[in-house]
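Below is one structure, written out as structure tokens; comments come after it.
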Amino acid sequence: MNRTPAVRTVGRDPRPGAVPRPGAPEVWLLPDPAGYLRTRGPDAAALLAAAERRRAAALAPPRARLRYTAAHLLLRELLGAYLHRDPADVTFVRERCPHCGAPHGRPRVADAALHFSLSRGGGPVLLAFGDAPVGVDAAAVPSPSAAAEIARLLHPGERADLAALPAADRPAACARCWTRKEAYLKGVGTGFVTGPAEVRVGAGPEPVRTGPWRVVDLPLGGAAAVAACAYRERTGGPVRWWRRRDRGG
């Protein structure tokens, strides 16, 4: 059975003291990206690299630009705190894809053995850090009709898991399955290169173990969104969970 992540609430300006201990990824939640950016001032984006600023500017919806900027700024601040360096000096590279060998695999810090993952899509902004490969994902719970469409894309075993549930429970279970799958594939570094039905992580109450990878559901404190973290186990510690709480908006 997967361990339930420990939930810790920190103050306005939390800073990690050291790289996460072996086998214990740390997950950070940013529930209010707009409020976070307001606390950082109008020039906060200057901390990002030129490529990050170009990527943010290319995102059409203002909300997407805001979430991208907040997530990447917080990523740099936390990496700087973990590594004891200026956040602006953190540089990123891409690992080679395990599937095809091209340099579009997992992002990582260029000169440090600290792994990270980021989720800024449909659910809350989440960041995960660990001494081994890690992935994190969050998603809003879909409508029943959207969940039925998503279910058709899943592994046969996961479709069976969903079919065994009451109809009212299927949308949340479908979202849990999808976030587990996304988190695992982010950690592996392949993405959906072979289709979502090729990997089974389970749609039931407990995730299905995949080799050395452990997948855990993360508690978000509400019913509108779900999240999951996947990490390659070494010593088998629990996920440590942090909630970013900034004043404003």
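Data table
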{"quantity": "Subset tally (residues that are open to solvent by less than 50 Å² (accessible area, probe 1.4 Å) and either over 14 Å from PRO207 (Cα atoms) or small (Gly, Ala, Ser) (or both)) for segment 155-173", "calculated": "5"}
{"quantity": "1 or more residues in contact with a strand residue (DSSP E or B) (Cβ under 8 Å, 6 or more places away or on another chain) and at pLDDT below 90: qualifying helices (runs of 4 or more DSSP H) within segment 1-114", "calculated": "33-40, 62-83"}
{"quantity": "Test: LEU127 is within 27 Å of VAL188 (Cα to Cα) and either hydroxyl-bearing (Ser, Thr, Tyr) or at pLDDT 85 or above (or both)", "calculated": "yes"}
{"quantity": "Residue list for segment 174-191, restricted to those being over 23 Å from LEU114 (Cβ atoms) and open to solvent by 10 Å² or more (accessible area, probe 1.4 Å)", "calculated": "ARG176, TRP178"}
{"quantity": "Cβ-Cβ under 6 Å pairs, at least 6 apart or on other chains, segment 166-181 side more than 14 Å from VAL216 (Cα to Cα), far side in a helix (DSSP H, G or I) and open to solvent by less than 30 Å² (accessible area, probe 1.4 Å)", "calculated": "ARG170/ALA147; ARG170/LEU162; PRO171/ALA147; CYS174/ALA147; CYS174/ALA151"}
{"quantity": "Qualifying residue in segment 84-104 (condition: open to solvent by 20 Å² or more (accessible area, probe 1.4 Å) and among the aromatic types (Phe, Trp, Tyr))", "calculated": "yes"}
{"quantity": "Condition check for PRO103: more than 18 Å from ALA45 (Cα to Cα) and either without any contact (Cβ under 8 Å) to a residue 12 or more places away in the chain or in contact with a Phe, Trp or Tyr (Cβ under 6 Å, 6 or more places away or on another chain) (or both)", "calculated": "yes"}
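The values are calculated or read from the model by the stated rules, or taken from the named source; none is laboratory data. It should be emphasised that the depicted structure is a prediction, and the values quoted were computed from it without experimental measurement. Counting neighbours? That spans all protein chains shown, and the Cβs are built from the backbone with ideal geometry, glycine included. SASA here: full protein model, heavy atoms, side chains in, ligands and nucleic acids out. Shrake-Rupley method; radii C 1.70, N 1.55, O 1.52, S 1.80 Å.
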